[in-house]
1. Scan the range 108-127 residue by residue and report those that are farther than 17 Å from ARG64 by Cβ and under 13 Å from the mean Cα position of the chain (by Cα).
2. Yes or no: ILE105 within 15 Å of the chain's Cα centre (by Cα) and open to solvent by 10 Å² or more (accessible area, probe 1.4 Å)?
3. I'm trying to understand the selection: among the residues of the range 187-202, which are hydrophobic (A, V, I, L, M, F, W, C) and at pLDDT below 75?
4. Determine, yes or no, whether TRP188 is of a type in the set (A, V, I, L, M, F, W, C), part of a helix (DSSP H, G or I) and in contact with a Lys or Arg (Cβ under 8 Å, 6 or more places away or on another chain).
5. Say whether the condition of being free of Cβ contacts under 8 Å to residues at least 40 places away in the same chain and either over 9 Å from the mean Cα position of the chain (by Cα) or closer than 30 Å to VAL247 by Cβ (or both) is met by at least one residue in the range 146-156.
6. Could you list, in sequence order, all residues of the range 211-229 that are open to solvent by 40 Å² or more (accessible area, probe 1.4 Å) and touching a strand residue (DSSP E or B) at 6+ places or on another chain (Cβ under 7 Å)?
7. Just the residues that are touching a strand residue (DSSP E or B) at 6+ places or on another chain (Cβ under 8 Å) and more than 21 Å from ASP108 (Cα to Cα), please, taken from the range 70-97.
8. Give just the number: which of (1) surrounded by fewer than 17 Cβ atoms within 10 Å (Cβ to Cβ); (2) free of Cβ contacts under 8 Å to residues at least 40 places away in the same chain; (3) closer than 22 Å to HIS43 by Cα does ALA165 not satisfy?
Amino acid sequence: MTRALKTRLTGPCGLALLIVLALLLAGCNAVRRPVIPIGTVVHPPAVPSESGPLVVLLPGFFDRPEAFEREGLVEVIRDARPDAEIVAADAYIGYYRRGAIRQRIEEDILAPARKRGRDEIWFVGTSLGGAGALLLGEQQRSVIAGIVLLAPYVGPGDLLDHVDAAGSIEGYEPGGERERVFRDAWGWLMDRNGEASPTKVFLGYGRDDRGADDHARFAEHVKPDAVAVLDGGHDWPVWRDALAALVERGALR
């Protein structure tokens, strides 16, 4: 992995600012601690179905699960898959900070859905939720249908420096658990290039997104027809339109 992977994350207005703020807040009592089970907003199928797909929505750092309906993404999914059960998870930063996101999604959302007969599972994540979708995709690679990454956060800035110094994702030895998790997720995405994987990966983002350089780097490891790059920045209208474009290219199907 070359210096091309380094991004605007290190700029004063870059995505690193968002993550630094998240970590600072995570050190104070104002941050919500993970709860069991994780909170959800459930949108039942638009048409009666007990065997349609389960679509799990993961929000960004500042967003609540209700935003997916308010901003039109639930409508896009319902139009594409009226038989889908849509579950927006209240996956706030505390779950990531404590390494609980994957366990809570599996035990509180996925396992019960499988018992109900919903074996086709998709993750859709925006910003920090895109990172969550990638991490869950790596963990669930053999049993989920696909993931949709909408302007995903790709990891802490210092990790990018370390990967660049190592020369490749394969040669990088993580300095801690947080870096190891992202290293494994990146490695899975990159190893999929040419790999016969049952998990489909789609990527959408805005050309003016503060993390666009990183997203373009990720796009090299996603099939060209599974990438949607739209005008705009790091915001909901871009993510809604990108999701709609990716649905047209086979996402959620």
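The values are calculated or read from the model by the stated rules, or taken from the named source; none is laboratory data. Keep in mind the model is a prediction, meaning the values are calculated, not measured. Methodologically, a virtual Cβ is constructed for each residue, glycine included, from the backbone with ideal geometry; neighbour enumeration extends over all protein chains shown. The protein model used for the area step is the full one, side chains on, heavy atoms only, and it has no ligands, DNA or RNA in it. Shrake-Rupley method; radii C 1.70, N 1.55, O 1.52, S 1.80 Å.
1. Of everything in the range 108-127, those that are farther than 17 Å from ARG64 by Cβ and under 13 Å from the mean Cα position of the chain (by Cα) turn out to be TRP122, PHE123.
2. Taking the combined requirement at face value, the residue does not satisfy it.
3. Correct list: MET190, ALA196.
4. yes
5. Filtering the range 146-156 down to residues free of Cβ contacts under 8 Å to residues at least 40 places away in the same chain leaves 155.
Next, from what is left, pick out any that are either over 9 Å from the mean Cα position of the chain (by Cα) or closer than 30 Å to VAL247 by Cβ (or both): 155.
Yes - at least one qualifying residue is present in the range 146-156.
6. Result: VAL229, single match.
7. LEU73, ILE77, ARG78, ARG81
8. (3)
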